[in-house]
1. When segment 29-64 is examined, which residues are found to be free of Cβ contacts under 8 Å to residues at least 24 places away in the same chain and among the aliphatic types (A, V, I, L, M)?
2. Counting only residues that are in contact with a Leu (Cβ under 7 Å, 6 or more places away or on another chain) and crowded, with 19+ Cβ neighbours inside 10 Å, which one in segment 98-114 is nearest to Q47 (Cα to Cα)?
3. From the set of residues in segment 192-209 that are in a helix (DSSP H, G or I) and within 7 Å of the ligand (Cβ to nearest atom), which is surrounded by the most Cβ atoms within 10 Å (Cβ to Cβ)?
4. Quick check on this structure: which one of V181, V152 is assigned to a helix (DSSP H, G or I), crowded, with 18+ Cβ neighbours inside 10 Å and away from the ligand (no atom under 13 Å from the Cβ)?
5. Please list, ordered by residue number, the helices (runs of 4 or more DSSP H) wholly in segment 1-120 having 3 or more residues that are over 18 Å from the mean Cα position of the chain (by Cα) and of a type in the set (K, R).
Amino acid sequence: MNNNIAADVVKAFYEEYQPLECALEYGGDAFKLLIMAILSAQCTDRQVNAVSAELFRRFPDARSIAESEPGELEKYIYSTGFYNTKAKSIRSCCRTLIDEFGGSVPFEMSDLLKLGGVGRKVANLIRGDIFGLGGIVADTHMIRISNRLGLVNSKNPYIVEKTLSPLIPLELQSGFCHRTVVFGREICRAKKPKCGECFLKARGICGGI
Ligand code: SF4
């Protein structure tokens, strides 16, 4: 049953939305996506994009961050919120990148999870968008929408990821996740979802709430 719903949702998303890339403007650079994904916690993608040009001009790689003066990184990321915590995570992340991975971003889940500030959500984003390995990014939109569609019955990101992963073809997972974010922002919003305008309702996939 859930297999059928998931297939219908994926089909609808791919028919309704043009190819979508990550809202974070990282220019195909794994290091930039990693840092920007850490910064996006509790912050809009737009604000992360706004600070990124200056940030990466000053800090083009992991070493430049790891060796920066205390307090300098914070000035560049201040406007993304929780900047002290984020700076600490990013420094730790960059130090591990240098010490264990030659300054490059790894692709194994277990290696990504060694990096400061990186949980499964960020790791799946990196694996999917950079390495083409797929991965369900269980962010707030994915959790909310998959529950509303009856695909999942849990708010736990790990359970959401593990439940959805076998239902979505690996090669479509990244595109599916990006489309889910747009769908969640435009139609299936947290408050007052636009069920009357929803193409999933029009297709008989969801009855609405
Ligand atoms: S019908 Fe409503 S609840 Fe269902 S997917 Fe569409 S917007 Fe979300």
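1. M36, A53, L55
2. That would be V105.
3. Within segment 192-209, the match that is surrounded by the most Cβ atoms within 10 Å (Cβ to Cβ) is L200.
4. V181
5. Passing ranges, in order: 83-101.
Taken together, the values in this text are just the output of simple stated rules run on the coordinates, not laboratory data. Keep in mind that what you see is a predicted model, and the values were worked out from it rather than measured. Glycine also receives a Cβ, built like all others from the backbone with ideal geometry; neighbour counts cover every protein chain displayed.
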